Amino acid sequence: MTEEEMRKRLEAFRLEHRDLDAAIDALTAGGVRDQLQIARLKKRKLLLKDQISMIEDYLIPDIIA
């Protein structure tokens, strides 16, 4: 996978992460308390966060001072 493809995937993951955050907020604020659905969304959001971190770590090298 090229660096450009990784950057595109990173942006897509960030967008989906924000969308999931909005969906979770809407479900909790809307009075519909489907705990199973909320738990699934949160699990997906955590998975995305891990993938985002992994790609960021690859794209931004550690600099030892």
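Apply the a/c threshold of 1.5 to the C-alpha gyration tensor of the range 23-65 and tell me whether it is rounded, prolate or oblate. Prolate shape, in that a/c is at least 1.5 and a/b is the bigger ratio. Placing dummy labels 7 Å off each Cα toward the beta-carbon, the span from ARG33 to GLN51 is 3.2 nm. What does the charge count around LYS42 come to, taking other residues whose C-beta lies under 11 Å from its C-beta (Lys +1, Arg +1, Asp -1, Glu -1)? Summing Lys and Arg as +1 and Asp and Glu as -1 gives +4. Partner lysines whose Cα lies under 21 Å from the Cα of LYS8, excluding those fewer than 8 positions away in the same chain, are identified as LYS45, LYS49. Between helix 3-29 and the chain there is an angle of about 20 degrees, using the helix long axis and the longest principal axis of the Cα atoms. Within the shell defined by Cβ-Cβ distances under 15 Å, the residues around ILE24 carry a net charge of +3, with Lys and Arg each +1 and Asp and Glu each -1.
Report summary: the helix-based calculation at 222 nm, which adds -39500 (n - 2.57) for every DSSP H run with n ≥ 4 and divides by the residues of the chain, gives -28500 deg cm²/dmol. Which one of LEU48, LEU27, LEU36 has the biggest mean-square fluctuation once the chain is modelled by GNM with Cα springs under 10 Å? Answer for the Gaussian network model of the chain: LEU36. Taking the charge dipole of the chain about its Cα centre, with +1 at Lys and Arg Cβ atoms and -1 at Asp and Glu Cβ atoms, the residue from GLN35, LEU59, LEU10 reaching farthest to the positive side is GLN35. What you get for the chain, charging only the Cβ of Lys and Arg (+1) and of Asp and Glu (-1), is a dipole of about 420 debye around the Cα centre. Taking only Cα atoms and a 10 Å spring cutoff, compute GNM fluctuations for the chain and point out the largest among ASP19, ASP50, ASP34. Checking each option, the largest mean-square fluctuation is seen for ASP34.
Readers should treat all values here as calculations from the given coordinates under stated rules, not as data from a laboratory. Owing to the predicted nature of the structure, the values given are computational and were not obtained by experimental measurement. Using ideal geometry, Cβ is built from the backbone for each residue, glycine included, and neighbour counts are taken over all protein chains shown.
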